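So the structure is just underneath, and the comments pick up after that.
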């Protein structure tokens, strides 16, 4: 074996090792996105399970606020459907509608002193609020994982390996400016 052959084999070995390192990094990022989504999914399921309890407690006190309760139930179903299919593009708008419905429900609950004093209502409201905050935190982690993945599969030389191995970008979980604006509580009482 001559020197040129040895040098060529060493260069090929280094290139192959570098390609393996890139591939393993991309796999790690892909699984990071899946893990971040799974963390959101767990919290969405927990909130999904708590909402019927909240609606039932409210229904006992707020008999004539049926429309608000039905909107929360419908929004809950839309979030569950998007969550169940993993459709991030549908989840954002469904989440916005649910958050608005919950905001309306909590605002209306203030008109019912007995409901506000109900221990089960307080517990459920606090639990759902805590879940909402955790979902927002997990959404930030998910979006960071997606961003790292999407940037990496577009950078050279990673994009060569990404295309060869069919790594795909993931959508960010985002809300339009109209969906994240504060609820106008005054309009609820006019």
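What the table below lists for this structure:
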| item | result |
| --- | --- |
| Some residue of segment 121-131 being under 28 Å from residue 28 (Cβ atoms) and surrounded by 13 or more Cβ atoms within 10 Å (Cβ to Cβ) | no |
| Check on residue 71, closer than 30 Å to residue 172 by Cα, in contact with a helix residue (DSSP H, G or I) (Cβ under 9 Å, 6 or more places away or on another chain) and without any contact (Cβ under 8 Å) to a residue 40 or more places away in the chain | yes |
| Residue 59 touching a helix residue (DSSP H, G or I) at 6+ places or on another chain (Cβ under 7 Å), within 23 Å of residue 130 (Cβ to Cβ), surrounded by 12 or more Cβ atoms within 10 Å (Cβ to Cβ) and modelled with pLDDT under 85 | yes |
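The values are calculated or read from the model by the stated rules, or taken from the named source; none is laboratory data. The shown structure was predicted, so the numbers you read here are calculated from the model rather than taken from an experiment. Glycine gets a Cβ as well: all are built from the backbone with ideal geometry, and neighbour counts include every protein chain shown.
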